[in-house]
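For reference, the structure I am asking about is given below.
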Amino acid sequence: MISPWRLGKDLLSVAAVLLLPQLACAGSLNLGSISANPVGESKKFSSFTSYLAQQLQSEGFDHGRVVVAESIPAMSSLLQTRRVDLYIDSLFPSLAVSRLSGSRFLLRRWKTGKSEYRSIIFTRKDSGMARLEDLKGKIVAFEESFSSTGYFFPKVDLLKKGFRLAPKRQGSEPVNTDEVGYVFSRGDTNTLFWVLNGMVAAGAVDDQKYFVFTKNRDIFRILHESVSFPRQLVSYRADFPAKLVARVKTLLLNMHQSEEGEKALRAFESTTKFDEIPVQAIDLMAGLKKYIEAELKLQ
C-alpha cells in the first residue's frame, strides 16, 4: 500500500510541478516519462512531442508538453488527473503504472532501432563465479527501482529460482550466506564500472549496453540472460477519447513513412518506428502480474 505521505512526496518531485497551472490548459498534448533527470528526459522527448501536437492540430491541440515524474506512483497520479495523456516507457514501469492508473497499452516503440532487448546479469571473469548460485552471500548492482532491464527482470528471474533478495545501502554491507544483497547504482554506466572495479560482485544491465561496453574487452562473464521483451510501450490514460486514441495510433504507425515523421523519430533517441504489440509480449505481460503487485508494495 502506498502511503499518503509517500504519494504526496512523489507528486512534489514531478518535474513539471512548477508548471501545473499551464499543464491543465486546453490544447496541450502532454507526454509523460519517468526519470531521475527531468531536464535531460524533456530534451529527449521535446521534438517528438512537438511533432505529434502539430499533426493533431485538427483535433484541438496547439502545442505539446513533456511531463517528467520521478516515480511510478507520481506518473500514475498524473495520468489519473489528466495531466498526462500519453506515456512512453519500458515494460516494467508501464505495467506498474497501468495497474495503478488504469492506463492502456497502445503500441510498441523501436527505441534505438531495436524492438526488443533483454537483461544480463554479469560478473568479472576473475571473480570466481560461474553461475547464479555463486551470488549467495554477495551483492548485485541494480540500476533504478523503475528499470526493466536493470532491476525488475533480473530480480524476477532470481526470485523464480528461489533466491532470497535483501536491499542494502552500499556494496560493502554484510550479506547473509543464504541471500543475495542488492544496491542501486543510479545508472547503467555506474553498474558496469562498479563491477569492473570490484565494488559489487555482479551487476544487471540491458544486453545492448553490455555488448557495446565489452566490445574488444575480455573482462566480464555472463551469469544469466532474461527472455526478450519489448524495448518500450506507448500507453494512454484510461479516459483519453476513443477518437483521439485511434488518431494517435494511426499517426504513430505511419510516422516512419514520411520524411518529417522519420526526422522526428530519429531525434527521439533514434526511434525506428512504432508497431503493434506482439502476442507473445502480451502473454509475457500477463504472467508478470503477481510480481508487479509485489513491486508496487515497495514503491
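State the Cα centre-to-centre distance between segment 64-84 and segment 179-197 in whole Å.
Cα centroid to Cα centroid, the span is 28 Å.
Net charge around T214, counting only other residues with Cβ within less than 13 Å of its Cβ (Lys, Arg = +1; Asp, Glu = -1)?
Overall, the nearby charge balance is +2.
Can you say what percent of the DSSP beta bridges in segment 119-226, counting only those with both residues inside, are antiparallel? Round to 5.
55 percent
Can you compute the charge dipole magnitude of segment 119-226 about its Cα centre, using +1 on each Lys and Arg Cβ and -1 on each Asp and Glu Cβ, nothing else charged? Give it in debye, rounded to the nearest 20.
120 debye
Give me the number: length gained by fully extending S228 to R82, i.e. 0.36 nm times residue separation minus the C-alpha to C-alpha distance, one decimal in nm.
49.3 nm
So if R0 is 41 Å, what FRET efficiency would A166 and H63 give, r being the distance between their Cβ atoms, rounded to the nearest 0.05?
The pair A166/H63 has a calculated efficiency of 0.30.
In what order do L79, L31, L298 fall by count of nearby beta-carbon atoms within 10 Å, going from fewest to most?
L298, L31, L79
A further question on this structure: Where is the GNM fluctuation largest for the chain (alpha-carbon springs, 10 angstrom cutoff): M199, M255, M75?
Of M199, M255, M75, the most mobile in the Gaussian network model is M199.
Taking the Cβ of each residue in D207, D62 as the centre, tally the other Cβ atoms inside 10 Å and list the residues starting with the fewest.
Listing D207, D62 from fewest to most nearby Cβ atoms yields D62, D207.
Tell me, how many Å apart are the Cα centres for segment 134-170 and for segment 208-269?
What the calculation gives is 24 Å, centre to centre.
Calculated from DSSP H runs of 4 or more alone, at -39500 (n - 2.57) each and per residue, what is the 222 nm mean residue ellipticity of the chain, nearest 500?
Taken over the chain, the calculation gives -11000 deg cm²/dmol.
Pick from G27, G287, G64 the residue whose mean-square fluctuation is largest in a GNM of the chain, springs joining Cα atoms under 10 Å.
Largest GNM mean-square fluctuation: G287.
Tell me, Y291, Y117 in order of fewest to most beta-carbon neighbours within 10 Å?
Fewest to most other Cβ atoms nearby, the residues stand as Y291, Y117.
Can you give the net charge of the other residues whose Cβ lies under 9 Å from the Cβ of T149, counting K and R as +1 and D and E as -1?
Charge balance in the 9 Å sphere: -2.
Among DSSP bridges having both ends in the chain, what percentage is antiparallel? Round to the nearest 5.
In the chain, DSSP labels about 55 percent of beta bridges as antiparallel.
Okay, next question. Beyond 25 Å, what share of the Cα-Cα pairs of segment 150-299 is found? Please give it as a whole percent.
Of all Cα-Cα pairs in segment 150-299, 48 percent lie more than 25 Å apart.
Specify which residue in the list Q208, T177, I121 is farthest towards the positive end of the charge dipole of segment 119-226, using unit charges on the beta carbon of Lys, Arg (+1) and Asp, Glu (-1), about the Cα centre.
T177
Quick check: residue separation of S258 and K43 times 0.36 nm, minus the Cα distance between them. What number comes out in nm?
75.1 nm
Here's another thing I want to ask about it. Given springs between every Cα pair under 10 Å in a Gaussian network model of the chain, which of I72, I34, I222 has the largest fluctuation?
Residue with maximal mean-square fluctuation among I72, I34, I222: I222.
While we're looking at this one, here's another question. For segment 119-226, what is one quarter of the convex hull surface built on the Cα atoms, given in nm²?
5.8 nm²
Setting aside same-chain residues fewer than 8 positions from K161, which lysines have a Cα under 18 Å from its Cα?
Partners within reach: K136, K138, K289, K290.
Among (1) 35, 21, 17; (2) 27, 26, 19; (3) 79, 15, 12, which is the computed semi-axes √(5λ) of the Cα gyration tensor in Å?
Of the listed options (1) 35, 21, 17; (2) 27, 26, 19; (3) 79, 15, 12, (1) comes from this structure.
A short reminder: the numbers here are calculations on the coordinates, not readings from a lab. Here the structure is a predicted model, which is why all the values come from computation and not from measurement. Positions of Cβ are backbone-derived with ideal geometry, glycine not excepted, and every protein chain shown enters the neighbour counts.
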